[in-house]
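Structure first, then comments.
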Amino acid sequence: MIKLDQVSIQSKIGASLFVLWMVLIPSSACAKSENGLGFNGSLHPQTVIKAIALVSRKSVLIRAEIVADDLVKFHFVDSDDNKVYSQKALKEAMIKHQDLLVEKIVIRDVDGKKLAGKFHNLEPFEFPDAGVGEADLVDYFANYELEYVLEEPPSLLTFEQNLVDELTFFPSEMHLGIKQMGVEIGQGFVLTPGNPDTANFDWENLPPPSNSTAEQWTKFRNRQEEMLLGITNFRSVYSVITISRNEVRHEVVIPLPILARTTEIEREEESFLTIGEQDKVKEKLKRLLTGEIPLMIDGVEVQPIFDRVEFAGLRIKDLGASLERKTVSMVNGRVLFTIRYPTKSVPKQVIAEWNYFPPQIRRVESKIVYDENYEEFQFTKLNKLKSDETVNLNRFTWNNTSDPGEFSIANIPFSDPVKKYSVSAISTLAAGLLVLSGLILFFTQSSVKLQVGSVLFWLILAGLGSNFSKFEFSDPLAPKFSVTDEEAKRIAESLVRNVYRAFDYGEEEEVYTALSQSVNGELLNSIYLDVQTMRRIQEQGGAFADIRQVEFSNGKKESDTEDNGFKFKSDVLISGLVGHWGHFHERINSLTCEYLIQPIDGSWRIVSRNVVDSQTPKTQRAKLKKVEPSQGI
């Protein structure tokens, strides 16, 4: 079972041995080893290869410049007693080096699979017949060409080189430039063993010609950054912190090779991690980040809720809501984290700290989004500035400078101008019986005493029953109640706005209570279930929505209904911010709706809604406003 990256181990051992070699071995020639390989101050202890990758739609051609002393180091070429390497031995090593380069220079596709490479061409060394002295090896160069065939134009390619001298573990470097269709695209890497790097290619918008203006190149690079959602360095860690009314949301992208440097990731195959193996390491990664990136809201450290820990490849769509689970590459895979920190109200202060800095990571690029603004911040490995010990470089502090006001959704009371009458059934019955009994006693010429007693009895009964069995009725002579067109518009638009504002509440009970202030019956249950569905999508790491504005047009009351209600029809334009993984869009929905609105329990409520027309949602890149950092570095 593979537990550590073997190439990474070789790289670390090589670096350590290189330091020892520099300290312990003098600059003069050392004794010749038993296998014939000797070292001299004129030999380079570190291999440096200059190379260019020529990428087309169908293939990649790597052209590498090799120095002759690399042949000696990698193929154990012996010199004679005068430290001269024969022409024959150097030519044999030159041919062997073809296979070594094909084996050790690797290109992987977007899924981390190796592309089949083959030797393509050689512009050979021109060695003199007398051979080459050790001091002159660095003066001889050859150009090797390797070819990698592509099935389709590549969107992303990962380059790695594993040229490590198996005897000495001396480190090597490949300085690799990238050209797309013969044009440099502003991407290039210094590759060392165990540290691959990735280049991206846009085949719909090709890079401008080499003689283009600076403005054209800036436009091209901005387009590339937008296409990659700002993740332009695939070996770096990226972070987006979104502050909203009911939560702080932290989204993090960490390359899998970086996590493998600090976390033991057990796997059967060195280069890939299966779905089952991913599940085994998830809890370990959660514990790692929980301790390394604490977050405080209004002075209280809030426990994180991990909505998403998923393993993905390099495709941009992998950052979206629905990610198909599959085996990922250990070389160019990524881990996506979505972490929520709930809050009961709009935060007054948020403090985010970042302490996870594995080897070779000294800074983390972060974007902080709030309202319609964003700031860029760089968490760095240095805790504090020497010039100002109060400024933490690994801590971002956001202070709410706006007054959010009191957030509440109140019901809209129903006021009926028609005069109402309230009577008691018992009192009314007693009054009727009083009249009836009085007439009977009068015509039967009963005694005055009996007549007075009867009147007093029914009057007392009417008085005692005046507070029981009461019923109301409207003035039968008053005109039928009807809201004015202006009142109907105010009531309807207020109720619809309340429905969308209810989405801002954090807890399920709060959402339901807020909705019940404006909606009734089956419609209340239907909208609440829609909210719950959206919440489940968010908890699975999908896009989150923040309703920004609800606008109405062509609104009018269509008719009055029974029970003092009315029907209202309007065009509704709903705009909001939809975001995931630092990618924000303004989404606009256009609806034409008919609403049935009635007074229930003394308040106006929407009883039913009929969507007459729905336009295809329009989505455009959100125009967030960049502001100066609230805490500079």
Here the tail fraction of P(r) beyond 26 Å, over all Cα-Cα pairs of region 98-225, rounds in percent to 36
Checking region 41-122 for chymotrypsin sites (Phe, Trp or Tyr not before Pro) in a loop per DSSP with at most 11 other beta-carbon atoms within 10 Å yields none
With Rh as the Kirkwood radius over Cα pairs, region 238-399 has Rg/Rh of 0.98
Of the listed pairs Lys219/Lys626; Lys104/Lys179; Lys282/Lys626; Lys480/Lys556, those with alpha carbons more than 28 Å apart are Lys282/Lys626
Surrounding charge for Lys626, neighbours by C-beta under 9 angstrom, Lys/Arg +1, Asp/Glu -1, total -2
Taking the alpha-carbon centre of each part, the distance from region 167-240 to region 340-369 in Å is 27
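Every number in this text was worked out from the coordinates using simple rules, so none of it is lab data. None of the values given here were measured: they were computed from a predicted structure. Neighbour counts are summed over all protein chains in view; Cβ atoms, including those assigned to glycine, are modelled from backbone coordinates with ideal geometry.
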